[in-house]
1. Which are the unpartnered cysteines of chain B, meaning those with no other cysteine Cβ under 4.7 Å from their Cβ?
2. Please compute, for the alpha-carbon atoms of region A:9-114, the extent along each of the three principal axes and give them in descending order in Å.
3. Using the Karplus curve 6.51 cos²θ - 1.76 cosθ + 1.60 with θ = phi - 60°, work out ³J(HN,Hα) for each residue of region A:85-97 in order, rounded to whole Hz, and write x for Gly and Pro.
4. From largest to smallest, what semi-axes in whole angstrom does region A:39-86 give when each is the square root of 5 times an eigenvalue of its alpha carbon gyration tensor?
5. Can you compute the modelled spin-label distance between residue A:27 and residue B:28, with each label point 7 Å from Cα toward Cβ, in nm?
6. Shielding by partners for B:83-94, please: the mean number of other protein chain Cβ atoms within 10 Å of each residue's Cβ.
7. How high is the relative contact order of region B:16-89, in percent, counting Cα pairs under 8 Å that sit 6 or more residues apart?
8. Please give the residues of region A:64-96, grouped as numeric ranges, whose backbone N is less than 15 Å from a label point set 7 Å along the Cα-to-Cβ vector of residue A:18.
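The values are calculated or read from the model by the stated rules, or taken from the named source; none is laboratory data. Just so we're clear, the structure is a prediction, and the values are computed from it rather than from any experiment. Methodologically, a virtual Cβ is constructed for each residue, glycine included, from the backbone with ideal geometry; neighbour enumeration extends over all protein chains shown. Areas reflect the complete protein model, heavy atoms only, side chains present, ligands, DNA and RNA absent. Shrake-Rupley method; radii C 1.70, N 1.55, O 1.52, S 1.80 Å.
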Amino acid sequence: DTGVSQNPRHKITKRGQNVTFRCDPISEHNRLYWYRQTLGQGPEFLTYFQNEAQLEKSRLLSDRFSAERPKGSFSTLEIQRTEQGDSAMYLCASSISGRAYEQYFGPGTRLTVT
Amino acid sequence: KNQVEQSPQSLIILEGKNCTLQCNYTVSPFSNLRWYKQDTGRGPVSLTIMTFSENTKSNGRYTATLDADTKQSSLHITASQLSDSASYICVVPTGGGNKLTFGTGTQLKVEL
């Protein structure tokens, strides 16, 4: 399967703990996006990378959130000092820069903060 | 402000019936609109993309329409199947096409 993969698929953590998610994009895609989706809502943009450069961050991405794509391949999204409001599905997508409207999504990581 | 609104919020239909989902957008400039299907607990999967100049496009039992003048799109599903039960999300590129703005989705349930 050469699609976008995300790990873990589910994460349950206690409030105040740090969590890290991983996304592996489609290999030839140089753009990688992170979205957050809460129940009953559409995904909301968090940030995106072109190669290893983080080009845009949403205001939704508080100081507790950090994303990296060190070698321009996989990316990690870390949430520090998790809060119950962080409970959501975190989706990763990838695309070719010239076709940013054609994003392919991973299965998501479901985070539950207790 | 760029917005994408969908209706209805949820819909229950019997297997074999048809249904139509609506999407209104206020996005400028507009280049294209895409419908995604999202199964519970999964990432969205693209069904169809409509460019500015297209009015109708079909993908199997799914037919999308676009009226760029009124900024409306619809997704028509014919002969529904149980596997059509999912959230259907209307998506428009914004931010110079660098990111996507999603509607809240229509939750469709197909019952026997």
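1. B:19
2. 40, 28, 24
3. Karplus-based 3J(HN,Hα) across region A:85-97 equals x, 7, 4, 5, 9, 9, 9, 10, 9, 9, 7, 8, 4 Hz.
4. On the way: eigenvalues 85, 36, 19 Å².
The equivalent ellipsoid of region A:39-86 has semi-axes of 21, 13, 10 Å.
5. Here the answer is 4.5 nm between the modelled labels.
6. On the way: counts 0, 0, 0, 0, 4, 0, 4, 1, 4, 1, 4, 2.
Rounded to a whole number, the mean comes out at 2.
7. Details: 130 pairs, mean separation 29.2, N = 74.
It comes to 39 percent, rounded to a whole number.
8. Only A:64-68, A:76-83 fall inside the zone, counting backbone N under 15 Å.
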